[in-house]
Amino acid sequence: MKSRELTEFILDYTNKTKTNYAIMMNGEWGIGKSYYIKNDLFEALKKDNKKCIVISLYRLQKTSEISGIIILEKMFMNKKKLKNVISVGGNITTTLIKSYAENQGIKLSADGKGLDKLKKLINLSNTLIILEDVERTMISIEELFGYINNMVEQDHVKVLLVCNENEIISKYENKSDNNNSNIDNEYKCFKEKTIGDTVRFESEIDEVIKNIMRDNFAEEYSFFFRG
């Protein structure tokens, strides 16, 4: 899928009132996925009044680390409101709260006292969570997909996974104790529970080169962009 079509697809996903699935952008290493996100997608989300949190899963070992990063990002976004966090409401994401509380040693009691300390800080409505480097994480694919599934099904959080799916499958095959004949079915089972749509990112190399040159050598190569 070309960048313009991909952007329209992602915006359509973020604009849905409620979803119970994540989406995946698949592409080979070095094809320009990160460049597309930082330049095209960020701008489109901003124009559509959407917020975005990008997290690299590279070498992360626990899903609670993801929760911590998201919460800190949201606290930074809402830094002007931190002096009056009681007024911060909205879409309370219980999956993030429970995971983060566990990592911070906060006990969530039945009367909700522990929950109140965290829930007022998190509002992920109108926010897209982008998880990059899925194939490079140290979290098992089963645990990661289960964690994401809780976010999208219970809390209706919008999540985009960015990956080289061939590397995920290869990594899963190497760690699996089962016969290779069952591996594809097992992976598909985990994926289908969590991922609603997978799109393949197609590099528009001419545009990528022009954008890089425009960003870094605008004056020297101004003739290149004329016409």
Test: residue in region 147-154 that is exposed (fewer than 13 other Cβ atoms within 10 Å of the Cβ), within 23 Å of residue 44 (Cβ to Cβ) and modelled with pLDDT under 90: no
Determine, yes or no, whether residue 124 is touching a Phe, Trp or Tyr at 6+ places or on another chain (Cβ under 9 Å), modelled with pLDDT of 70 or more and buried (at least 19 other Cβ atoms within 10 Å of the Cβ). no
Restricting attention to region 66-77, the residues that are open to solvent by 30 Å² or more (accessible area, probe 1.4 Å) and either within 19 Å of residue 5 (Cβ to Cβ) or among the small types (Gly, Ala, Ser) (or both) number exactly 0
Of those in region 23-65 that are open to solvent by 60 Å² or more (accessible area, probe 1.4 Å) and among the aromatic types (Phe, Trp, Tyr), the residue farthest from the chain's Cα centre (by Cα) is 29
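The values are calculated or read from the model by the stated rules, or taken from the named source; none is laboratory data. Note that the structure is a prediction, hence the values are computed from the model and not measured. Don't worry about glycine lacking a Cβ; one is built from the backbone with ideal geometry, like all the others, and counts go over all protein chains shown. SASA here: full protein model, heavy atoms, side chains in, ligands and nucleic acids out. Shrake-Rupley method; radii C 1.70, N 1.55, O 1.52, S 1.80 Å.
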